[in-house]
Amino acid sequence: MKKPEELRSYRWFGVNDLRSFGHRSRLRQIGYDRDDFAGKPVIGIINTWSDINPCHTHLRARADEVKRGVWQAGGFPLELPAMSLAEPYQKPSTMLYRNLLAMEVEELGRSYPIDGMVLLGGCDKTTPALIMGAISAGLPAIFVPAGPMLRGNLRGGFLGSGSDTWKYWDDLRAGLISERDWMEIENGIARSFGTCMTMGTAATMMSVAEAMGLTLPGASAIPAPDSNHSRMATAAGRRIVDMVWHDLTPDRVVTPAAIDNGIVVHQALGGSTNGIIHIIAMARRAGIDLRLERFDEISRKVPVIANIRPSGAYLMEDFFYAGGLRALMGVLAPHLDLSCLTVAGISLGEAIEGSQVWNDDVIRTLDRPVFPYGGTAILRGNLAPDGAVMKPSAADPRLLKHRGPALAFDSYDEMAAAVERDDLDVTPDHVLVLKNVGPLGGPGMPEWGMLPIPRKLVKAGVRDMLRISDARMSGTSYGACILHVAPEAYVGGPLAHVRTGDMIEVDVAARRLHLDVPEEELARRRASWTAPPERLPRGYGALYARHVSQANDGCDFDFLGAGPRLPEPDIH
Ligand code: FES
């Protein structure tokens, strides 16, 4: 247990010199008395609230609720706004800015008189960014997930974020629903604050964070508008003060076993393929050399047991009522390391003790899964020597072993125009290939990997085709989409050399992705390939372009990996 003079913030407020006089007098300026802060842990509440982020609308209120808990436990709370990565609006992709937010979190923790951090967020890239930054900052930190929004509603039925957008968009393109129906869906699909409520990247990453021990038990599935969510935020405020006194830093929580627990849950949820990139990045921040193969090893053992869209039928609200993540982890216990420490100060086993499944159609048993294997498969071959990712649980089974001719596009615009043409030379057996949409080519690896089915095939009732790209896809998306092909086309990876008409073979069971073109011909194509022009010549984009890694390495910057702790800043 620390003493007050051992707190990091003591160097700002506790000593008696000219600088600390300034620090204390400026707190008086805000209206605080010495009793408010003297000798207390200073808790930075890192808040990613913003007017433009509908998933975080409630985080202003939650920050106040966290403060209430911090005061209750004898800490001193300070809210620090951080960049808000609003998935629906930020272009070309929030992924371009994940590392920027992670850097901001790390530097807020490093440069201010903070003893511990409460991290508020949940919209897609926000969760990994907050956690990556907190791991690098090395201060005690607890994550308060924003929580999913309520179910969408349409004429008494349910609508799921993203998944139903894509489904009804195809219905509209095929003339099966009217513009008026489409407007009704627009009104009903997002009817409360909170994150997407399908098993998209947000729900995936909030759940993975809990499985890694970084939230209070049961926090990740609480719907954002539920009063349990407010109480969880206050409890996190109380808990972080204790964590500071006991110096419970992220390195004690984020261990190789905790990362494995995150992957087990990721697979059992049929989690977003984006999660793979983020878990690799988080692990490497903690000095754990996580590779794609680990996902494959675990996915062969752990079935999908969460019956949630897009792999299943239900939504996050149903999952919460069925027992939430604690109940899911209770079922998964044989695959988890229950001895891992959580930020609650108890083991994962203690955190899930007494959990119960209240609806076994939503949270299935291990012998009655939604899908017999984990939610993702890692493919390799001459088309993706450094790996590619697929979500077989959300694909048409007939496409899991397939050979077909490529229909290749060099850019998103070229593809988007072609798929609307009624004279496009395409069959359901074609393999749609989109290049130059990876980490550098996108730039930022936009979620374009669920290429639209060509309109003429949609009209004929085709709803899935094999699609290959170096992009990502939204966790709410579905279909036989092979993603994250590495190395990407923009840097001259094999995908760059695919031409329309080339035969492509996919065998998911064998984890194989093969371009059936003779090696001499591929060598000729490589020799004639020229690098595309630089996409991001200035500003943060230039930093990103110079330092970002490929998808199989987590898309982090090469200078942000684990390393020696930086010295504390001088206070002069
Ligand atoms: Fe924010 Fe989906 S748009 S979580």
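The values are calculated or read from the model by the stated rules, or taken from the named source; none is laboratory data. Just so it is clear, the structure is predicted and the values come from calculations on it, not from any experiment. Don't worry about glycine lacking a Cβ; one is built from the backbone with ideal geometry, like all the others, and counts go over all protein chains shown.
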Away from the ligand (no atom under 16 Å from the Cβ), over 21 Å from Gly218 (Cβ atoms), of a type in the set (D, E, K, R) and not in a helix (DSSP H, G or I): does that describe Glu79?
-> yes
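What is the residue count in the stretch 546-559 for residues that are of a type outside the set (Asp, Glu) and either on the phi > 0 side of the Ramachandran plot or loosely packed, with under 13 Cβ neighbours inside 10 Å (or both)? Outline the logic, then answer.
Residues of the stretch 546-559 that are of a type outside the set (Asp, Glu), as a first pass: 546-552, 554-555, 557, 559.
Subsequent filtering for residues that are either on the phi > 0 side of the Ramachandran plot or loosely packed, with under 13 Cβ neighbours inside 10 Å (or both) retains 546, 554-555, 559.
Going through the stretch 546-559 one residue at a time, the tally reaches 4.
Here are some residues: Tyr478, Tyr490. Which one is within 30 Å of the chain's Cα centre (by Cα), surrounded by 13 or more Cβ atoms within 10 Å (Cβ to Cβ) and at pLDDT below 95?
Numbers: Tyr490 fails: at pLDDT below 95.
Just a single option satisfies the conditions, and that option is Tyr478.
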Does at least one position in the stretch 207-217 carry a residue that is under 20 Å from Pro310 (Cβ atoms) and within 16 Å of the ligand (Cβ to nearest atom)?
-> yes
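Having 3 or more residues that are of a type in the set (S, T, N, Q) and at positive phi is the bar; report the strands (runs of 3 or more DSSP E) wholly within the stretch 358-442 that clear it. Spell out how you get there, then give the answer.
Working: elements: 377-381, 384-390, 401-409, 431-434.
Answer list for the stretch 358-442: none.
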Considering every residue within the stretch 244-254, establish whether at least one is crowded, with 22+ Cβ neighbours inside 10 Å, touching a Pro at 6+ places or on another chain (Cβ under 7 Å) and under 25 Å from Glu87 (Cα atoms).
-> no
List the pairs whose first member sits in the stretch 189-200 and is free of Cβ contacts under 8 Å to residues at least 60 places away in the same chain, whose second member is near the ligand (Cβ under 9 Å from one of its atoms) and assigned to a loop (DSSP other than H, G, I, E, B), and whose Cβ atoms are under 7 Å apart, counting only residues at least 6 apart or on separate chains?
-> Ile189/Ser161; Ser192/Met149
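Just checking, does the stretch 54-65 include any residue being assigned to a loop (DSSP other than H, G, I, E, B), within 26 Å of Gly31 (Cα to Cα) and within 14 Å of the ligand (Cβ to nearest atom)?
Start the filter on the stretch 54-65 by keeping residues that are assigned to a loop (DSSP other than H, G, I, E, B), which leaves 57-58.
Okay, now just the ones that are also within 26 Å of Gly31 (Cα to Cα), so 58.
Next, only the ones that are within 14 Å of the ligand (Cβ to nearest atom) stay: 58.
The answer is yes; a qualifying residue exists.
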The helices (runs of 4 or more DSSP H) lying wholly within the stretch 216-285 that contain at least 2 residues that are closer than 30 Å to Ala486 by Cβ and of a type in the set (S, T, N, Q) are 256-268
Has the stretch 372-392 got any residue that is surrounded by fewer than 21 Cβ atoms within 10 Å (Cβ to Cβ) and at pLDDT below 95?
-> yes
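Taking the stretch 511-545 only, how many residues are in a loop (DSSP other than H, G, I, E, B), surrounded by 13 or more Cβ atoms within 10 Å (Cβ to Cβ) and among the aliphatic types (A, V, I, L, M)?
To start, the set of residues in the stretch 511-545 that are in a loop (DSSP other than H, G, I, E, B) comprises 511, 517-518, 529-538.
Within this subset, residues satisfying the condition of being surrounded by 13 or more Cβ atoms within 10 Å (Cβ to Cβ) are 511, 517, 532, 535-536.
Those left that are additionally among the aliphatic types (A, V, I, L, M): 517, 536.
The total comes to 2.
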The stretch 410-433 residues that are closer than 20 Å to Glu505 by Cα, paired with ones that are basic (Lys, Arg) and in a helix (DSSP H, G or I) (beta carbon under 9 Å, 6 or more apart) = Val426/Lys456
Within the stretch 222-241, which residues are crowded, with 20+ Cβ neighbours inside 10 Å and either within 14 Å of the ligand (Cβ to nearest atom) or among the charged types (D, E, K, R) (or both)?
-> Pro223, Ala224, Arg239
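With the structure loaded, tell me whether Asp36 is of a type outside the set (Val, Ile, Thr) and closer than 29 Å to Lys3 by Cβ or whether it fails that test.
On the way: of a type outside the set (Val, Ile, Thr): yes; closer than 29 Å to Lys3 by Cβ: yes.
For Asp36, the condition - of a type outside the set (Val, Ile, Thr) and closer than 29 Å to Lys3 by Cβ - is met.
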State whether the residues of the stretch 26-36 include one that is more than 16 Å from the ligand (Cβ to nearest atom), touching a Gly at 6+ places or on another chain (Cβ under 8 Å) and touching a residue at least 24 places away in the same chain (Cβ under 8 Å).
-> no
Are there any pairs with C-beta distances below 9 angstrom linking a residue in the stretch 38-55 that is over 21 Å from Pro88 (Cα atoms) to a residue that is among the polar types (S, T, N, Q), with the two at least 6 apart or on different chains, and if so which?
-> Lys40/Ser9; Pro41/Ser9; Val42/Ser9
Answer yes if at least one residue in the stretch 16-35 is among the aromatic types (Phe, Trp, Tyr) and under 34 Å from the mean Cα position of the chain (by Cα), and no otherwise.
-> no
Scan of the stretch 61-86 for residues that are of a type in the set (Asp, Glu) and buried (at least 19 other Cβ atoms within 10 Å of the Cβ), ordered by number = Glu65
Which numbered condition Gly449 fails, given (1) out of contact with any Pro (no Cβ under 6 Å at 6 or more places or on another chain); (2) under 14 Å from Leu379 (Cα atoms) | (2)
Return the residue satisfying two criteria in turn: it lies in the stretch 33-60 and is farther than 30 Å from Ala202 by Cα and in contact with a helix residue (DSSP H, G or I) (Cβ under 9 Å, 6 or more places away or on another chain), and of such residues it is surrounded by the fewest Cβ atoms within 10 Å (Cβ to Cβ).
-> Asp33
Collect the residues in the stretch 161-190 that are within 14 Å of the ligand (Cβ to nearest atom) and either touching a strand residue (DSSP E or B) at 6+ places or on another chain (Cβ under 9 Å) or part of a strand (DSSP E or B) (or both), keeping them in residue-number order.
-> Ser161, Asp164, Thr165, Ile189, Ala190
Find the residue count for the stretch 442-466, including only residues that are under 18 Å from Ala174 (Cβ atoms) and away from the ligand (no atom under 16 Å from the Cβ).
-> 15
